[in-house]
Each structure stands twice: as C-alpha cells, then as structure tokens.
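Here the structure is laid out as structure tokens; the discussion comes afterwards.
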Amino acid sequence: MSTQYQQLCSLVRRSGVLGSIGALVSWDQETYMPPAGAAFRAEQLGLIAELHHKHATDPKIGDLIAACEADKALLANETIAANIRELRRDYDRMTKLPTSLVSELATTTSQAQEAWKHARQNSDFAAFVPKLERVFELTRQKADCYGIPAGGERYDALLDEYEPGASAKEIEATFTPLRAKLAALIHSVAASGKKPDTSILSAQIPADKQHAFGQMILKAITFDLEAGRLDVTTHPFCSGVAPGDTRLTTRYRDEKFTDALYGTLHEAGHGLYEQGLPKAGSPEGLFGQPLSEAISLGIHESQSRMWENLVGRSREFWVWALPHAKQYFGAAMANVTPDTMFAAVNTTTPSLIRVEADEGTYNMHVMVRFELERALLSGAMKVKDVPGEWNRRYKDYLGIDVPDDRRGCLQDVHWSAGLIGYFPTYTLGNLYAAQFWETIEQEIPDVKAKISRGEFAPLREWLRTKIHAHGKRYRAADLCKRITGKPLSADPLLRYLGTKAKAVYGV
Ligand code: ZN
C-alpha cells in the first residue's frame, strides 16, 4: 500500500475521532446534561465543529487524495478505489462552502430553531416567516455553491448530502403513482367500516417495566449491549458514537407502551446498522474512512423501519413477544392474543402528526413536505404561502382538516434546522425496507417462522453481510439492484401494505 494512502487514512481517522467526540458530547446534551450546562455545551460543540471542519478541509488531505487518484496501481484495488472516490466527494463538498456561509447558516438555524419553538407553541406561523425565509435564502446559496448537476435542479444539490446520487425528478416519478395508490388503499380501509379493537394500547404500564422489556427485546434481536446502551430522551435517536459504542434513546409514556417499544425497535434497527459497519478491527481499522460509514439516510432508515415494522408489527413477532410481554407487564395483558396485538398495531387512520402516523398513511406526510420544500427552494412558492398549501394537501391526500399550524406546518424541526432535502429519505427507507424484505423471504424462506420462535440472528446476519459490511462502497440504487436484482420500486411496499390491509380490514 502506498505511503500516501496510509497518510491519508491516518488523517481522516483523526477527523473521525474529532467527529466522534462531538457525537458523544451531543448525546450527553440530549440525555444527562443538567439544564444549566447548556450555554457552555454550545461553546464545546462549536469548538469541536470548528476543529473538525478545519481538519477535514486541510489542503494536505486534498493533495493526498490527488496523489492517490494518480496512482493507477493503487486504484486497481477496488476497496481502496471506492474509499478514494468517497473521500474526494466529501472533501470537495466540504471545501465548496465558504466558511462565512457555514458560520452564517449555523447562527441562522440556531436562531430559527428558537423562533420555531415559540411559533409552534403559539401556533403562529407568521412569527416564524422572516427566519424561515432567511434559512431558505441561505440554503439556496449553499445549493449553488455545491453546484446544480447537469439536467438537474437546485434541490438535487441538497438531496445529495443525504441520499448521494438521488434526484428530485426520480423521487417525484416514484412518489406520484405511490400517492395515488396509497390514497386508494386509505379510502378502501375507511370504506370497510371495520374498527380493530385498540384498547390494549392504552393499558397502563409503568416506565421501569417497559424499560426492562425493551432491554430484553434488544438482546433478543442481537443488539450488542456490551457495545451499546439504551437511555431516555425527549426525541428518540440513535448515535453511532464510535467503534464499540452505539447509543440508543427512547421515551416512555405509561399510557401507551407501544410508543417506546416501536421507538426502541426503530432506533435499534439504526443501531444494528451502526454495529455492523466495519468501523473497528484490524488489519485495516477502517474507522473514519467512508467504507466504515452508512451509505445514505434512506438505507439507514430502511434498517430502522424493517425492525420496527416488517419485523415488529408482524403477527409472528407477537407470537414470540406476547408471552414475554405478559411476564413483564402482568395482568394488563391477561386476555390479549397475538391476533389482537397484530390488529391493534396495524390500523390505518389518517392523522395530523407525521411521527405518530401509521404505516399506511406515513408516506403521505412525507410527500407533502417534499413537494413544499422543492417549490420553496426553486422559488415557485413563497414562505408565507406554506400554511395554505400545507392544509390544502392534507385535505387532498389524507382527507383531513388541519385545525392550526401547530399541528400543521409547524410540527417538524427540520426546516428550522436547515435540513432541507432530508424528508424524502424517510419514504425511501420504507421503500427499500419492503423491497429488501421480499428478497429476504426468498433467501431465508422460513424467516417468519424463525421470528415467531424469537430467532432473529439469521435476519441480522443477512443484513450484516448484504448491507452493513459494505459501508459506503456502493450507491444506494446500486446496492438495491445488487441485492434484489431490480431497481427501487414502490410495488413491494404497496404489496406489503395491501396484504396487511387485507388481514386487518378484509379489503
Ligand atoms: Zn429513523
């Protein structure tokens, strides 16, 4: 191996170490930091971010990448070539942004998040308009610095950060027919007049019992608790802090134990991906290199949605989990059967809030956001028109009236945080999960029987070999073709949702 490549790897490892310190400090802020520590914490995070950016954009890294790119013998190694390709991409993106814009975006989004919190509390969108306008203005500048790909649009430059290689046009081409078919499904469910018994979901289960149950579930699905933790926070997340250190968080509501259960399964799906990435170990010690990182947010989300929904909301899962739930939760679960649980956790009901939406309606929420942010970015729509356009779409797509902006266009933090181009990855995750699952059922024919016996290791092993172990070697679209033999399609998700609607509603 060339000395230049070795030097490059040791430099990016240092960037990775700085990034992991930032991740740990952020995790602490969301979990255990006392409130009075907030001001100094912002200073700590600011310094780490500055050091990280400075280090990652060091011209020396650029020179070493260029030297490696010129070394034909080195590039003959496919693994190294993939690493260099991704290092070039990261370096170019980071150095394309002037420091002044990076810093103005950081300040503006920090203020915009405060403005959003107040506006949301008072359901007062008008108060949020000036800050949101500024965020979109700066985001347009950011996209223009990245450069608009040939034949593409501004949105693509931002999407590329979260879902490399994807384009707004392709997403639109997938979303438009999906929307019509989902609308038909939602309509036929409503027309069935059936209302599954969901009373078990409001059983009172104390948080400590839910926590113990959650830990048992994590062990069963092979999340390594020697290399990870589960803690409590307001907004559940997963952070792959470092090799051997993956942090999950969840939240408990005594009156709805499935919130924490599915939150835990969701974050554990992300966590299993983080634990399966080749970050640690010899001989290469890939930590910090792209080949030890996740492909995209869409693929990351496919892992969380698979464990949460395709596994956790299956009838087979409840065949296995229910006796355990009865043991942990006692009398509350006395007369419950796997069929009751299956029906209760698989209802389809149009609702206002994305994060609480069921599988049948969830993607409609994502589509509304994708359409609006795309129009805002191109200039086809004005920020002040967001509430009207939002409410019109909720009526169109889900048939519901939005009573106020708090439960409408002010519900998500993303835009105030500058996360524009991020929303479609949620639906991409659902699509990838369903398509991977059809292949899994072919390659592990008794996967459902295994789940009903609590044997989750074969599924975890399949995901590890086919997806996790590759890091960023492939683009998401290529990985999908390699694994399933086909490009990404909405059909598997529609088949999956259709089968569920038949089982629960008889439609
Ligand atoms: Zn997620």
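In segment 448-471, the residues that are open to solvent by 40 Å² or more (accessible area, probe 1.4 Å) reach residues that are β-branched (Val, Ile, Thr) and assigned to a helix (DSSP H, G or I) with C-beta atoms within less than 8 angstrom, at least six apart or across chains, in these pairs: 458/447; 466/483. Hey, among the residues in segment 7-35 that are touching a residue at least 60 places away in the same chain (Cβ under 8 Å) and open to solvent by 40 Å² or more (accessible area, probe 1.4 Å), which one's nearest to residue 249 (Cα to Cα)? Out of the qualifying residues, it is 30. Criterion applied to 413, 402 was being part of a loop (DSSP other than H, G, I, E, B) and over 24 Å from the mean Cα position of the chain (by Cα), and the one residue passing it is 402.
One line per residue, one yes/no per condition, for (1) more than 17 Å from residue 456 (Cβ to Cβ); (2) away from the ligand (no atom under 15 Å from the Cβ):
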| position | (1), (2) |
| --- | --- |
| 237 | yes, no |
| 240 | yes, no |
| 244 | yes, yes |
| 251 | yes, no |
| 255 | yes, yes |
| 262 | no, no |
| 265 | no, no |
| 271 | no, no |
| 275 | no, yes |
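You will find that of 38, 70, the residue that is farther than 30 Å from residue 479 by Cα, surrounded by fewer than 17 Cβ atoms within 10 Å (Cβ to Cβ) and not assigned by TED's automatic domain parsing to the domain that holds residue 231 is 38 and no other. Inspect segment 327-336 for any residue being within 16 Å of the ligand (Cβ to nearest atom) and open to solvent by less than 40 Å² (accessible area, probe 1.4 Å) and give the result as yes or no. So far as segment 327-336 goes, no, none of its residues is within 16 Å of the ligand (Cβ to nearest atom) and open to solvent by less than 40 Å² (accessible area, probe 1.4 Å). Has segment 84-94 got any residue that is of a type outside the set (Val, Ile, Thr), open to solvent by less than 30 Å² (accessible area, probe 1.4 Å) and over 26 Å from the mean Cα position of the chain (by Cα)? There is no residue in segment 84-94 that is of a type outside the set (Val, Ile, Thr), open to solvent by less than 30 Å² (accessible area, probe 1.4 Å) and over 26 Å from the mean Cα position of the chain (by Cα).
Counting only residues that are at pLDDT 95 or above and in contact with a Ser or Thr (Cβ under 6 Å, 6 or more places away or on another chain), segment 278-300 holds 2 of them. Would you mind stating whether residue 422 is within 16 Å of the ligand (Cβ to nearest atom), part of a helix (DSSP H, G or I), open to solvent by 10 Å² or more (accessible area, probe 1.4 Å) and among the hydroxyl-bearing types (Ser, Thr, Tyr)? No: the conditions fail for residue 422. Among the residues of segment 201-227, what is the count of those that are open to solvent by less than 20 Å² (accessible area, probe 1.4 Å) and either more than 13 Å from residue 264 (Cα to Cα) or part of a helix (DSSP H, G or I) (or both)? Adding up the residues that qualify gives 8.
The values are calculated or read from the model by the stated rules, or taken from the named source; none is laboratory data. Everything numeric in this text was worked out from a predicted model, so none of it was measured. Backbone-built Cβ (ideal geometry, glycine too); neighbour counts: all protein chains shown. Heavy atoms of the whole protein, side chains included, go into the accessibility calculation; ligands, DNA and RNA do not. Shrake-Rupley method; radii C 1.70, N 1.55, O 1.52, S 1.80 Å.
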